[in-house]
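All remarks here apply to the structure that follows.
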C-alpha cells in the first residue's frame, strides 16, 4: 500500500502543496485532479523522488520511501506529463536502455519491447529517431517504458496527452486491467470523463490543499451533482463558468459604436 501523510512543499516560503494525505491499496486507481497550478505535478514529483517534500512522509508497504528511494523507484512505473526523451535514440533503443537500467534479462526485455511496439502501433517506426516522433508517439514510448518491468505502483501524470482516440481507449482499458491485477495506480489528469470511468476514488486538489477525497459516487451524492465535472466545478470555481464565458464574449465582441 502507498500511504501519503501530511505531504507539503514550499518554494521560497510560498506553499505549492499543503498537508496532503491519501492512500492507495492494491487494485485501486486514485484519480488525482485539480486546476492548473493546484499542485498535482508537484505532488507527483515528490512521490517519484524528483523533489524533496518540505514536510510529511511517503510510505510504501509500511516503509518510508526516503530511507530507500532507489528500492522504491525500482517498483514504480512513471509517466511524466512532458515526454522528455533522448532525441538521438530510436524508440527501440530507448526502451532497451530503460529495460537494462531496470535490470531486465535480455531475452525477456527484447520480447516485451517488440510486443509493446507492435501493440502501440510503433513497430514500423521502431528505428526512427525519437526527435521525429509526434507527441502521441513519444507518449506511447513513455507508457511502454513504465510497464516494461511490471511495476507494483504506476504514477501517471496526464498520460492521455497527445494520444489519438484509439490509443486513449486502449489506455483506459489498460488502467482497469492493471487494477484488476492488483496494481496501484495514481492517475493525475484534466480529463475528468476518463477519471470518472476508471478511478476507484478521486482526490480533488484546490490551491494545494485537499478539497475532497471520496469515491465518485459519494462525491456526486454529497454535492448533489450529476457528474464528476459538476463536483469539480462546485469545489474549485469561485465564479460560474457560464458567467465567466459570458464576460469573455462581451470583452471580445466588436464595438457596435460607429468609428469617429
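The values are calculated or read from the model by the stated rules, or taken from the named source; none is laboratory data. The model shown is predicted, which means the values in this text are computed figures rather than measured ones. FYI the Cβ positions are ideal-geometry reconstructions off the backbone, even for glycines, and counts take in every protein chain you see.
So is residue 101 out of contact with any strand residue (DSSP E or B) (no Cβ under 9 Å at 6 or more places or on another chain), crowded, with 16+ Cβ neighbours inside 10 Å and not assigned by TED's automatic domain parsing to the domain that holds residue 187 or not? Spelling it out, it is not the case that residue 101 is out of contact with any strand residue (DSSP E or B) (no Cβ under 9 Å at 6 or more places or on another chain), crowded, with 16+ Cβ neighbours inside 10 Å and not assigned by TED's automatic domain parsing to the domain that holds residue 187.
Quick check on residue 131: is it more than 26 Å from residue 26 (Cα to Cα) and free of Cβ contacts under 8 Å to residues at least 24 places away in the same chain? Criteria not met by residue 131. On the stretch given as the stretch 58-70, residues that are modelled with pLDDT under 95 and within 19 Å of residue 18 (Cβ to Cβ) total 0.
Go through 40, 9 for me and flag whichever is crowded, with 22+ Cβ neighbours inside 10 Å, closer than 19 Å to residue 216 by Cβ and at pLDDT 90 or above. Answer to the selection: 40.
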